[in-house]
Amino acid sequence: MTAASYSGAVNIGFVSNLQPEPPTYALKFSSLGVNLGQLRSDTGLKDKDISGILNIEANLVGNFKEGASLKGSGNLVIENGKLWKINLLKGLGELFLISDYEKIVFKEARAGFNIENKGISTENLQLISDQLKLDCQGSLGFDGSLNFIAYAQVNKELIRESSDLRKF
């Protein structure tokens, strides 16, 4: 199935084998050039100032009876973005006690990811802005558990301008 969506294209390929018990499936998904600014108006992100061009590819396999059987891998890239208003990222700004965190605009995000063991993991998530670059690795469980390590490279100007960062 191919569809035009939010100025981009979404492609889904699906194959299932109903013979084994439990029946199995394979799903190939790609979303190319999807405009997040347009997408947010139709989701729970309506009130968030989020934009960017989303490209995502994933290959998944599993069976219909066990959600834990879901496995796969993929890649995610967001370019020309404004991503700080995503709750997880906003929480990082508050965690680091940066009062000026809302001025930070992540223009790019990229990651390779794996799905298995009831979660999503990555070894190479990058969030890039002029002020701050985050290199992250870790996992997000389907139950909401979060286990991430983030390495930050902060622009010297941001440090000079932020009394909160100078405390460190």
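Going down the list K46/K133; K46/K71; K28/K82; K118/K156, which pairs span over 29 Å between their C-alpha atoms? Present the calculation step by step, with values, prior to reporting the outcome.
Working: K46/K133 26 Å; K46/K71 31 Å; K28/K82 27 Å; K118/K156 40 Å.
Pairs exceeding 29 Å: K46/K71; K118/K156.
Computed extension length for Y151-S69: 26.4 nm, one decimal, from 0.36 nm per residue of separation with the Cα-Cα distance subtracted. Placing a pseudo-label 7 Å from each Cα along the Cα-to-Cβ vector at N117 and V105 gives an inter-label distance of 3.9 nm.
At the listed q of 0.14 Å⁻¹, the Debye profile of region 1-81, built from one uniform point per Cα, gives log10 I(q)/I(0) equal to -0.59. Taken one residue at a time, the phi angles of region 127-137 give Karplus couplings (6.51, -1.76, 1.60, θ = phi - 60°) of 10, 10, 9, 5, 8, 8, 10, 10, 10, 10, 8 Hz. Gly and Pro are set to x.
Across region 25-39, computed HN-Hα scalar couplings (Karplus, 6.51 cos²θ - 1.76 cosθ + 1.60, θ = phi - 60°) run 8, 9, 10, 10, 10, 9, 10, 10, x, 6, 7, 5, x, 7, 5 Hz from first to last residue, x flagging Gly and Pro.
Here, each number is a calculation from the coordinates, and none is a lab measurement. Because the structure is a prediction, the values reported are computed rather than measured. Note: ideal-geometry Cβ built from the backbone for every residue, glycine included; neighbour counts use all protein chains shown.
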